[in-house]
Amino acid sequence: MHRLIAVLALFGGLVLAGIGVNSSASASASAAPVPVTPETPEAAAVARPEIGPRLTFERTGHDWGKIWDIEEQVTTFKFTNTGDKTLVVEQIKPSCGCTTTTLDKLSYEPGEGNEIEVHFKPKGVGRQTKRISVKSNDPNQPVVQLTISSDVTPFVRVEPLAIRFADARLGQTKRALLHFTAADVDAVVQSVRPVGQLAPYLDVKFLPLDPSAVSEGSRIPITRTIEVTLRDDAPWGPSYGAVDITVVGKTDPEGPTITHTAKVTVSAVVQGELSVSDNLFRIGLVEPGDDFSFTVHFEREGGKEFSILSTELERVPFRMETTVTPANSESGRPGYDVTLSGN
């Protein structure tokens, strides 16, 4: 009798235990899911993906609108490292020499930022857009392009902007004309002078005004003409210089007086009996280790025969050599090809 009770009791315990387990599972299934929050152990166990450094600018473009070419323009581009790793600004490269940039440091921790200061010296005339490439270790966008735009009005408009005496001969003079117009009708020309290597061999003078271009009481800017002469004592070979035109005036009748210099570049290639197809060996961009070569052709005036006795290279930064080969020109005149090659 006692055994039977014990067995029943044991069986009853197993049944009760089974009921208890089933009740617990049922309760768990019917309960609402517990949200996972950053404070819960489940969230802490899940690793967040790394973002890396992120270069984020507040803006990537600036437009000054209408500006004069006499004043330097300045703007700033603010940025922040919105990533979770150290940001390194590796390079800032403007697209032209008229644009410069300033940045006082290159490394930025997450959340840290700074601003790139951009200075623009306007040249030329009309609508212009310049670009600044910002290179960083941002894996998502390694290079960001910033743009600056403006509509430039020259205080002194000059045409042409460059004079080239390409076919000058020893002992002969060459002339060219340039025209300039000051925006201020009351502007005064302070000086016109040649500068640079070619200056000793250049003469400049104003030509008389055309009476039909001047009317009494007119407030329209007048165009003046300057004659530029390459003198007959200019030396053989290439020479370079400029003509500076300095004008004093105002951009606004109520504004300050401005002194502004417009520059016209001047180049000359003076040749004697011996002429050359190009006064430069124009190699261009070459990758390190790549071969390069460029050939120029020499011939004598009138197709007369001559000899090239020697060639010499000066201040050569890497391996280069010249080769001289007899060759006729396209017109059949005898001459020589001189080839510069290297790697």
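All of the numbers you see were taken from the coordinates with simple rules; none came from a lab. Since we're looking at a predicted model, the values are computed, not measured. So basically every Cβ, Gly included, is an ideal-geometry build from the backbone, and we count neighbours across all protein chains shown.
Taken along the Cα-to-beta-carbon direction at a fixed 7 Å, the label points for Trp64 and Arg315 span 3.4 nm.
Here the 3J(HN,Hα) profile of the range 244-257, calculated from phi with Karplus coefficients 6.51, -1.76 and 1.60 at θ = phi - 60°, is 9, 10, 9, 10, 10, x, 9, 8, 9, x, 9, x, x, 6 Hz, Gly and Pro shown as x. Potential lengthening of the chain between Arg164 and Asn140 amounts to 3.8 nm, from the contour at 0.36 nm per residue minus the alpha-carbon distance.
Sort Asp69, Asp291, Asp84 so the one with the fewest other Cβ atoms within 10 Å of its own Cβ comes first.
On the way: Asp69 19, Asp291 8, Asp84 15.
Placing the least packed residue first, the sequence is Asp291, Asp84, Asp69.
Phi angles of the range 104-117 translate, via the Karplus equation with coefficients 6.51, -1.76, 1.60 and θ = phi - 60°, into HN-Hα couplings of 7, 7, 10, 10, 9, 7, x, x, 8, x, 6, 9, 9, 8 Hz per residue; Gly and Pro are given as x. Couplings 3J(HN,Hα) of the range 71-83, computed from phi: 10, 6, 9, 10, 8, 10, 10, 7, 9, 9, 7, 8, x Hz, in residue order, whole Hz [Karplus 6.51 cos²θ - 1.76 cosθ + 1.60, θ = phi - 60°; x for Gly and Pro]. Taking amide hydrogens as placed 1.01 Å from N in the peptide plane, the amide H of Gly52 sits under 5 Å from those of Asp84, Lys85, each at least 5 positions away in sequence or on another chain.
What is the range 274-342's relative contact order, in percent, from Cα pairs under 8 angstrom and six or more apart in sequence?
On the way: 103 pairs, mean separation 25.4, N = 69.
Relative contact order of the range 274-342: 37 percent.
For the pair Glu330 and Thr257, a Förster radius of 51 Å applied to the C-beta separation gives a FRET efficiency near 0.35, rounded to the nearest 0.05.
Kirkwood radius for the range 226-343, taken over all pairs of different Cα atoms as the inverse mean of 1/r, rounds to 18.4 Å. Converting the Cα gyration tensor eigenvalues of the range 146-274 into ellipsoid dimensions via √(5λ) gives semi-axes, longest first, of 32, 18, 12 Å.
For the residue pairs Lys78/Lys123; Lys130/Lys250; Lys174/Lys250; Lys121/Lys250; Lys205/Lys263, alpha carbon separations beyond 24 Å are given by Lys78/Lys123; Lys130/Lys250; Lys174/Lys250.
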